[in-house]
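Single-structure report; data block below.
Just so it is clear, none of the values below were taken in a lab; they were calculated from the coordinates. Worth saying up front: this structure is predicted, and the values here are computed from it rather than measured. Note that we place each Cβ from the backbone using ideal geometry, even for glycine, and neighbour counts take in every protein chain shown.
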Ligand SMILES: *[C@@H]1O[C@H](CO)[C@@H](O)[C@H](O)[C@H]1NC(C)=O
């Protein structure tokens, strides 16, 4: 495992802008953060295979629409050469596949949620679902000729992630991309970017009823909230991890909100759990499992790409912290 201190030089000239922001309220960060993949691998998600090893999935880069990496110990990661999404659905363009998430169903099949650019949608994204077999690497095949969620009149939707509750009921969370996908991008400042919760059947694919809005941005979070990921602690608390601010802004971060019911209300913790400091720049896009294992990305290699980082969280504490 590489020590982050070797990368301490990264982004130093931009740090003062962060600490001068009156809205920036970092937690007291302890814990260990490790560089897990020294390559462009944004918005990582992960799933544990039946053999106990781990597969991570990342936004398009390194010549792949959806990237896959593998680890036997959650510490040492290898980028695989597989293309997880070799076929496209009729509604999506070839470019800009973002923020995949993968779940394993009770029948052993893997399901991928991803964001893709809608053809003729002015660059806006929608949520697609692709079904794999019993190999987490894929190939994943789109399940439908139409998107799972596609509110184009509100800017589209991105950053889908699956969640299975203790009773086996399944959900998908995603972000309505009201900021236009490129942060404010000439749009109206203050546009809402709701995080939605959509119940789905046991297949992880078929919607049940309408989605519920469970979170939205506030002024401390800049133009947006995004990258939702829902997990549940052993004492039954729902924890919704998310990122605030623009993805290329040093204020991009990992935050969380908690609720005792899956539909909310979610109470924001009100601070950044992972944030820009002397070792990280613009971290976000986190995925956290029920045991507190976390993957996220941060800008690296002279801020030219977003590498994957790994950490552990103490989910049991009233105030969640890095372990
Ligand atoms: C880092 O990026 C800056 C700005 O693009 C550039 O001027 C500088 O040469 C780069 N440094 C290295 C070591 O590549």
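Note on residue 167 and residue 267: their simple-model spin labels are 2.4 nm apart, each label 7 Å out from Cα toward Cβ. For residue 213 and residue 153, the difference between the fully extended length at 0.36 nm per residue and the C-alpha to C-alpha distance is 20.0 nm. May I ask what percent, to the nearest 5, of DSSP beta bridges between residues of the range 101-231 are antiparallel? Restricted to the range 101-231, the bridges split so that about 95 percent are antiparallel. Cβ crowding within 10 Å, taken as a proxy for footprinting-reagent exposure, orders 271, 241, 148 from fewest neighbours to most as 271, 148, 241. Considering the chain as a Gaussian network with a 10 Å cut-off on Cα pairs, which listed residue, 269, 56, 227, attains the greatest mean-square fluctuation? Top of the fluctuation ranking is 269. Cβ-Cβ distance of residue 106 and residue 302, R₀ of 35 Å, FRET efficiency by 1/(1 + (r/R0)^6): the value works out to about 0.20. Converting the Cα gyration tensor eigenvalues of the range 151-232 into ellipsoid dimensions via √(5λ) gives semi-axes, longest first, of 26, 13, 9 Å.
Fewest neighbouring Cβ atoms within 10 Å first, the residues 217, 255 line up as 217, 255. If you take the Cα centroid of the range 121-136 and the Cα centroid of the range 54-77, the two points sit 16 Å apart. Placing a pseudo-label 7 Å from each Cα along the Cα-to-Cβ vector at residue 290 and residue 53 gives an inter-label distance of 2.5 nm. Computed on the range 30-322, with alpha-carbon pairs under 8 angstrom and 6+ residues apart, the relative contact order is 16 percent. For the range 217-238 versus the range 251-323, the inter-centroid distance based on Cα atoms is 9 Å. Considering only 233, 188, 258, the Gaussian network model of the chain with Cα springs below 10 Å gives its largest mean-square fluctuation to 188.
Looking at the range 96-176 only, what percent of DSSP beta bridges run antiparallel? Nearest 5 please.
95 percent
Among bridges DSSP assigns within the chain, what percent are antiparallel (round to 5)? Close to 95 percent.
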